[in-house]
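In what follows, a single structure is set out as structure tokens and then discussed.
Quick note: the coordinates plus some simple rules give every number you see, no bench work behind them. From a predicted model like this one, the values you see are computed outputs, not experimental measurements. Neighbour counts are summed over all protein chains in view; Cβ atoms, including those assigned to glycine, are modelled from backbone coordinates with ideal geometry.
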Amino acid sequence: MSVKLPFLYFKGKSSLDFNLIIKSKGSYNAPARDVTITSVPGRNGDLIQDNGRYLNVTIPYDLCLVKRDARGFDELVSEVKNWLLSDSRYAQLWDSYDVRYFRYGAYSGGVDIKEELRNYGECSISFNCKPYRYSFEGQTAVEIPSGGATLENAEMLSAKPYIKIYGSGNISLHINSDTFTFENVSDYIEIDSETMNAYKGQSLQNNVMSGDGFPILSPGTNAISFTGSVTKAEIVPRWCTL
């Protein structure tokens, strides 16, 4: 019977590609709420201003490197360094302890793998991660017909979706009580609520969009409908949690 070794997945590669195995994972850290606390002389209690966001969170791993193939120990160490330090941008990060969710993590620290025994080494690394965990299920596009539909958000947080609406002319998107209108659409328009942009291909289209902010999918049932000449829409919901 084969043994499933614990691994992490980052930048499109598994740690097992480098014979790197999770020895232990740190605590399941929750991100801190970003608030500004101000003390006022003569007033009991501080003033707390909520800045409307969560701070990044550190995700640590203790890893061990075991020589299991023809590659030498030094060669494996070099490959691990190149994998982790090839760039410092955010990339998908997940591990075998929970294959339902991933984070966007970045790594810019050092890589110090100490050879404890012959062909065996250990190291500790920490990723700088965005606060949310995203479900893999929420990365799949859902087609919404012209007659509308409902989407169920089973998470406790509102999601910021990617939406592509196929249609022409002046059209409106309705999500629950919110309405977003787009003028003079030709073929399709795209909306990314995470980056807060409307566009078509490489062309920015924020000037044709009106409404209060950008679409969100609230926890629970979300009723979606359209007015105008719409043939269909595709929504990548991006379900998320802390």
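Hey, rough spin-label estimate for Thr140 and Asn206, points 7 angstrom out along Cα→Cβ, what's it come to in nanometres?
Computed distance between label sites Thr140 and Asn206 equals 3.4 nm.
Filter the GluC sites (Glu not before Pro) in the stretch 144-242 to those in DSSP coil with at most 15 other Cβ atoms within 10 Å of their Cβ, and list the result.
Working: sites: Glu152, Glu155, Glu183, Glu190, Glu194, Glu234; in loops: Glu155, Glu194.
Those satisfying the criteria are Glu194.
Anyone know which of Pro145, Pro131, Pro215 comes out most mobile in the 10 Å Cα GNM of the chain?
Maximum among the listed residues: Pro145.
Select from Asn176, Tyr120, Ser108 the residue farthest towards the positive end of the dipole of the stretch 87-193; place +1 on Cβ of Lys and Arg, -1 on Cβ of Asp and Glu, and compute about the Cα centre.
My answer, from the dipole projection, is Tyr120.
So which lysines can Lys164 reach, going by Cα to Cα under 24 Å and dropping same-chain residues fewer than 8 places off?
Partners found: Lys200, Lys232.
What percent does the relative contact order of the stretch 137-241 come to when contacts are Cα pairs within less than 8 Å and at least six residues apart? Before the final figure, lay out each step's value.
Working: 263 pairs, mean separation 51.3, N = 105.
Over the stretch 137-241, the number comes to 49 percent.
For the chain, with a Gaussian network of springs between Cα atoms less than 10 Å apart, report the residue from Gly45, Gly72, Gly110 with the top mean-square fluctuation.
Gly45
Taking only Cα atoms, what is the 0 to 90° angle, nearest 10, from helix 73-85's long axis to the longest principal axis of the chain?
20 degrees
What nm distance separates the two modelled labels at Arg68 and Arg43, each placed 7 Å from Cα along Cα→Cβ?
My value for the distance between the label points is 5.9 nm.
Can you run phi through the Karplus equation (6.51, -1.76, 1.60; θ = phi - 60°) for the stretch 154-170 and list ³J(HN,Hα) in whole Hz, with x for Gly and Pro?
Listing the rounded values in order: 7, 8, 8, 10, 5, 9, 10, x, 9, 10, 10, 9, 9, x, 8, x, 8 Hz.
Measure off 7 Å from each Cα along the Cα-to-Cβ vector at Leu242 and Tyr54, then give the distance between these two points in nanometres to one decimal.
Reported label-point gap for Leu242 and Tyr54 is 0.6 nm.
Suppose a student asked you for the relative contact order of the chain, using Cα pairs under 8 Å spaced at least 6 residues apart; what percent would you report?
On the way: 532 pairs, mean separation 46.4, N = 242.
About 19 percent, as a whole number.
What list of ³J(HN,Hα) couplings, whole Hz, do you get for the stretch 86-98 from phi and the Karplus terms 6.51, -1.76, 1.60, once you set θ to phi - 60° and write x for glycine and proline?
In residue order, the calculated couplings are 4, 7, 10, 7, 5, 8, 4, 10, 8, 9, 6, 6, 8 Hz.
Starting with the highest mean, order 79-88, 197-206 by the number of other Cβ atoms within 10 Å, averaged over the residues of each peptide.
Values: 79-88: 15.0, 197-206: 13.0.
Highest-to-lowest ranking by the protection proxy: 79-88, 197-206.
I'd like the FRET efficiency for Thr181 and Leu85, computed as 1/(1 + (r/R0)^6) with the beta carbon distance as r and R0 of 35 Å, rounded to 0.05.
Working: r = 46 Å, r/R0 = 1.31.
My answer for the efficiency is 0.15.
Going by the alpha-carbon gyration tensor, a ≥ b ≥ c the square roots of its eigenvalues, is the stretch 79-123 rounded (a/c under 1.5) or, if a/c is not under 1.5, prolate (a/b greater than b/c) versus oblate?
Values: a/c = 3.22, a/b = 1.47, b/c = 2.19.
It comes out oblate by the Cα gyration axes.
From the backbone phi of the stretch 29-37, what are the Karplus-calculated ³J(HN,Hα) couplings (6.51 cos²θ - 1.76 cosθ + 1.60, θ = phi - 60°) in whole Hz, Gly and Pro given as x?
Karplus-based 3J(HN,Hα) across the stretch 29-37 equals 6, 9, x, 7, 6, 7, 10, 10, 9 Hz.
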